[in-house]
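Beneath this line is the structure, given in structure tokens, with notes to follow.
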Amino acid sequence: MINTQDVLSTVRMLEEENLDVRTVTMGINLTDCAGPVMQTVCDNVYDKICHKAANLVRVCDELSARYGVPVVNKRLAISPASLLLGGHNHKGAVALAKALDRAAAEVRVDLIGGFTALVHKGIIPGEQLLIEALPEALSVTQRVCASLSVGSTKAGMNVDAIQLISKIILRIAQESAECYGFAAAKLVVFVNIPEDNPFMAGAYLGAGEPETVINVGVSGPGVVKRAVERLIEARPRATLDEIADEIKHTAFRVTRTGELIGRDVAARLSVPFGVVDLSLAPTPRIGDSIGEIYQTMGITKLGAPGTTAAVAMLNDAVKKGGSFASSSVGGLSGAFIPVMEDHALAKAVKDGTLTLEKLEAMTAVCSVGLDMILLPGDIAWTTICGMIMDEAAIGIINRKTTALRLIPVPGKKHGDFVDYGGLFGSGTITNVACPDGNETFVERGGHVPAPIQSLNN
Amino acid sequence: MESAFTRYVISVLIADRPGILRDVTSAVTDLGANIDGIRQTVVAGYFTVMLTATLPAGISASDVQQRMLRSFRIGDASVTVVPYDVNKVTKAATGERYMVTLTGDDQTGILQAVTSFFADRKINIEDWNVEFNGAHITHVGQISVPDLLDIKQVQIELRHLAQKLNLKAGLQHEFIFRAISEVGPIRNLLDPHQAGIQR
């Protein structure tokens, strides 16, 4: 029989430490739904999603009971919707978003990602259409999530696209002003965008992916935090390398849980299994926070000097444990720092110990970027543009993904409080230390050339 | 054609001391046996072992029992030897393996209630272990759940039973525990052929 202590340890992780599978995301290729008549495109898209994902939620629920592991979200990620919009108009783009929303509701998934345009080198008409339709598309739909690729280490940075998107983000927030600009939380701006990311709002199905695929995103901040706590309870003077070792072993177990669920879902739906995304994804619940892990490690005030090193160490240990656990690791695979979705990070921002500039430094050593950041409603587009360019530069030069989910909240100012509820959490409006003085630079537009790091052949 | 070998299931119960397992294995090996399965544990100071062994044809269960009893002082050990019946084993082992956990404060009647619960549903208990920590108890069992049973319903009913006993219950497929505790590829767990080999 399996070792009793191993059994009890697993039960404890599941029942007391919030171990769950954060998302099972089915990727679906929709490029064969393209056509000259948008109503036909929408019908094809709706039918294909309903056919491919008909049993996704049921199978996830069955396996959740079988293994006793909650599968918190069931989601879809489609091939870039912009590929279906060539030759169509604004009305057609919004109609497509609505069709995606209806299909997602029909198959009972939480969210559908892939209202996406890849514009890191240039913008084709369908992509321009998609971007300009975002304010309406994200405001009139419930489940549709969007993402934009504005740069990569190979391509450099498309500043013209970033200019356009910066203005669009303000319009998206305005369109959803009655719910504090929430629609902007459904848009992620990426550089080095991963093609197999199962997490929202940035999931989409990349060009090199299968027709249909199952990708899984694990969770586990609570499990990691408790593992570190137990170590420190037993050894109060535990060194950082001992803590890293504990995190690594815990990440192994978390990853294995995700791969088991993902592979079983894929087998039962007769589709290929793709990847496990190792990213530690927090929720607003107490005990399910990335920030609490740093606090347990000894950073009692998040944002204090040493915070970036703690992020780097956590991220590295998670990757090491996860990569040994599974040979199918992909997506973002690191540690998320979505400020609003993590009560400890949100409190640190409120208290003023964690600033946007410190968060930016942290993004250089973790899996994402400035995630779920509430900004004043009257922020200038040039400020947003500069923020995106700075994050893009970090990702491009370091050959890593960075991303931004920025939410300018109409009518709110620095220090105001906003609560979206549920997984999206709550937080305080913040701002960059110096919001102006960059106008001449960002308004130049054009393209920041690919860095020397891109010439690696 | 008659087989040249006979397989037996052997159990020994005796107060624990160093060297018992050596005495047991020596006794069957002296008869020319190949031991092909063994499980040993100590409960409250009493040693118990169950093993399967293949012996040359012509050696009866009684021969094996007598040889083993000679390894111990008269009256010290209880030895049972029965022929291995593959048909009975196959019948008992159908279904998928799940792990049961029950935790809470000890009281009389827990095992009777829980084992009756499983027996009523034709669920086979393959292994069961109870750990005591003061008044707190932890039951961990390995069971085979027949394919026809709805596992969700069994989980709900087990939780209801546990609530009546002031216990917390869990019932999960063994793969989740193996996935977390072992290092082999996950795909091998889910592959029916590999799973059959490992079972």
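The values are calculated or read from the model by the stated rules, or taken from the named source; none is laboratory data. The structure presented is a predicted model; accordingly, all values stated were derived computationally and were not measured. Because the Cβ atoms are built from the backbone with ideal geometry, glycine has one as well, and the counts that use them run over all protein chains shown.
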**Message:** When you check A:R108 against the structure, is it out of contact with any strand residue (DSSP E or B) (no Cβ under 6 Å at 6 or more places or on another chain) and over 19 Å from A:T31 (Cα atoms), yes or no?
**Reply:** yes
**Request:** Being assigned to a loop (DSSP other than H, G, I, E, B), more than 10 Å from every other protein chain (Cβ to nearest Cβ) and closer than 21 Å to A:V69 by Cβ is the filter here, so list the residues in region B:148-177 that pass it.
**Result:** B:L149
**Asked** Being more than 20 Å from the chain's Cα centre (by Cα) and either hydrophobic (A, V, I, L, M, F, W, C) or crowded, with 18+ Cβ neighbours inside 10 Å (or both), is that true of even one residue in region B:120-130?
**Response** no
**Message:** Suppose we filter A:L19, A:L8 for residues that are part of a loop (DSSP other than H, G, I, E, B), within 14 Å of chain B (Cβ to nearest Cβ) and hydrophobic (A, V, I, L, M, F, W, C); which single one remains?
**Reply:** A:L19
**Asked** Of the residues A:A53, A:A34, which single one is within 25 Å of A:L260 (Cα to Cα) and without any contact (Cβ under 8 Å) to a residue 60 or more places away in the chain?
**Response** A:A53
**Prompt:** When you look at A:H90, is it surrounded by 24 or more Cβ atoms within 10 Å (Cβ to Cβ), touching a residue at least 24 places away in the same chain (Cβ under 8 Å) and under 30 Å from A:G445 (Cα atoms), yes or no?
**Reply:** no
**Asked** Name the residues in region A:417-457 that are aliphatic (A, V, I, L, M) and surrounded by 12 or more Cβ atoms within 10 Å (Cβ to Cβ), would you?
**Response** A:V418, A:L423, A:I429, A:V432, A:V442, A:V448, A:A450
**Request:** Go through (1) within 14 Å of chain B (Cβ to nearest Cβ); (2) touching a residue at least 24 places away in the same chain (Cβ under 8 Å); (3) over 21 Å from B:A179 (Cβ atoms) and name the single condition A:I28 misses.
**Result:** (1)
**Asked** For B:I137, all conditions in the list (1) in contact (Cβ under 8 Å) with a residue 12 or more places away in the chain; (2) in a strand (DSSP E or B); (3) at the interface with chain A (Cβ under 7 Å from one of its Cβ atoms) hold save one; what is the number of the exception?
**Response** (3)
**Request:** Go over the candidates A:K48, A:K98 one by one and state the one that is touching a residue at least 40 places away in the same chain (Cβ under 8 Å), basic (K, R) and either in contact with a His (Cβ under 8 Å, 6 or more places away or on another chain) or away from chain B (no Cβ under 14 Å) (or both).
**Result:** A:K98
**Request:** With the condition kept exactly as written, say whether any residue in region B:51-58 is modelled with pLDDT under 90, not small (G, A, S) and not assigned by TED's automatic domain parsing to the domain that holds B:K122.
**Result:** no
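Considering each of A:R285, A:R256 in turn, give the residue that is touching a residue at least 60 places away in the same chain (Cβ under 8 Å), within 22 Å of the chain's Cα centre (by Cα) and within 14 Å of chain B (Cβ to nearest Cβ).
The conditions single out A:R256.
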**Request:** Count, please, the residues in region A:335-371 that happen to be surrounded by fewer than 24 Cβ atoms within 10 Å (Cβ to Cβ) and in contact with a Lys or Arg (Cβ under 7 Å, 6 or more places away or on another chain).
**Result:** 1
**Fill in**
Restricting attention to region B:19-36, the residues that are of a type in the set (V, I, T) and surrounded by fewer than 14 Cβ atoms within 10 Å (Cβ to Cβ) number exactly 1
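Restricting attention to region A:85-110, which residues are assigned to a loop (DSSP other than H, G, I, E, B) and among the basic types (K, R)? Break it down stepwise before answering.
In the first step, residues of region A:85-110 are kept if they are assigned to a loop (DSSP other than H, G, I, E, B); the result is A:85-89, A:107-110.
Within region A:85-110, A:R108 is the sole residue that qualifies.
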**Request:** Would you check which residues across region B:68-93 are without any contact (Cβ under 8 Å) to a residue 60 or more places away in the chain and surrounded by 13 or more Cβ atoms within 10 Å (Cβ to Cβ) and list them?
**Result:** B:M68, B:L69, B:S71, B:F72
**Prompt:** Would a scan of region B:62-83 turn up a residue that is within 15 Å of the chain's Cα centre (by Cα) and among the aromatic types (F, W, Y)?
**Reply:** no
**Asked** In the set B:L189, B:L111, which member is within 8 Å of chain A (Cβ to nearest Cβ), part of a helix (DSSP H, G or I) and among the hydrophobic types (A, V, I, L, M, F, W, C)?
**Response** B:L189
**Request:** Six or more apart or on different chains, Cβ under 8 Å: which pairs go from a residue in region A:112-125 that's at pLDDT 95 or above to one that's among the basic types (K, R) and crowded, with 24+ Cβ neighbours inside 10 Å? Could you list them?
**Result:** A:I112/A:R75; A:G113/A:R75
**Message:** Looking only at residues that are touching a residue at least 12 places away in the same chain (Cβ under 8 Å) and more than 12 Å from chain A (Cβ to nearest Cβ) in region B:121-134, which one is nearest to B:L102 (Cα to Cα)?
**Reply:** B:F132
**Prompt:** Do the conditions hold for A:D316, that is, is it under 26 Å from A:P236 (Cα atoms) and surrounded by fewer than 19 Cβ atoms within 10 Å (Cβ to Cβ)?
**Reply:** yes
**Enumeration of residues in region A:232-275 that are more than 30 Å from B:L190 (Cβ to Cβ) and either part of a helix (DSSP H, G or I) or of a type in the set (V, I, T) (or both)** = A:I232, A:E233, A:A234, A:T239, A:L240, A:D241, A:E242, A:I243, A:A244
**Prompt:** Taking the stated definitions as given, is B:S181 among the hydroxyl-bearing types (S, T, Y) and buried (at least 17 other Cβ atoms within 10 Å of the Cβ)?
**Reply:** no
